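The values are calculated or read from the model by the stated rules, or taken from the named source; none is laboratory data. Worth saying up front: this structure is predicted, and the values here are computed from it rather than measured. Positions of Cβ are backbone-derived with ideal geometry, glycine not excepted, and every protein chain shown enters the neighbour counts.
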Amino acid sequence: MLHLIETLKDTLQTAVDQGTTRVERIHNLVLDYAKQHAAAARGADVVDRTSVYDLVRAVNREIGEMATDVFELIEDADRALAARAPRPTPSASAETASASQPGQSPTRP
């Protein structure tokens with residue numbers, strides 16, 4: 001049980017760290033876009049309207065990468081839990097297999 005809680009804690013901590021980094025990147029993308037347009041407005045230059053679509057594409061890529069991070073975290077947690085799971089001993093596996101055979105009674109010593 002402690003291994004499960006530890007794995008969940010590690011997964012949550014990594015998810016928050018990576019999520020914060022992705023949100024920070026998105027924030028910086030939007031901030032850079034706003035700064036560009038504020039500078040263009042002060043200089044009375046014509047604002048490039050296609051740049052907003054570039055911003056949306058960049059934000060969309062970050063969101064996609066964030067989803068990939070989450071999938072990888074889930075896979076890592078599954079592997080960590082599987083590695084820590086108790087493995088049946090060969091004799092216990094054989095007894096379970098013979099006991100589950102229909103029409104056969106388990107052998108007694």
Subset of the stretch 1-33 (residues that are among the aromatic types (Phe, Trp, Tyr) and touching an Asp or Glu at 6+ places or on another chain (Cβ under 6 Å)): none
Residue in the stretch 83-90 that is modelled with pLDDT of 85 or more, out of contact with any strand residue (DSSP E or B) (no Cβ under 6 Å at 6 or more places or on another chain) and not aromatic (Phe, Trp, Tyr) present: yes
Residues (free of Cβ contacts under 8 Å to residues at least 12 places away in the same chain and under 30 Å from Asp10 (Cβ atoms)) located in the stretch 28-73: Asn28, Asn60, Arg61, Gly64, Ala67, Thr68, Phe71, Glu72
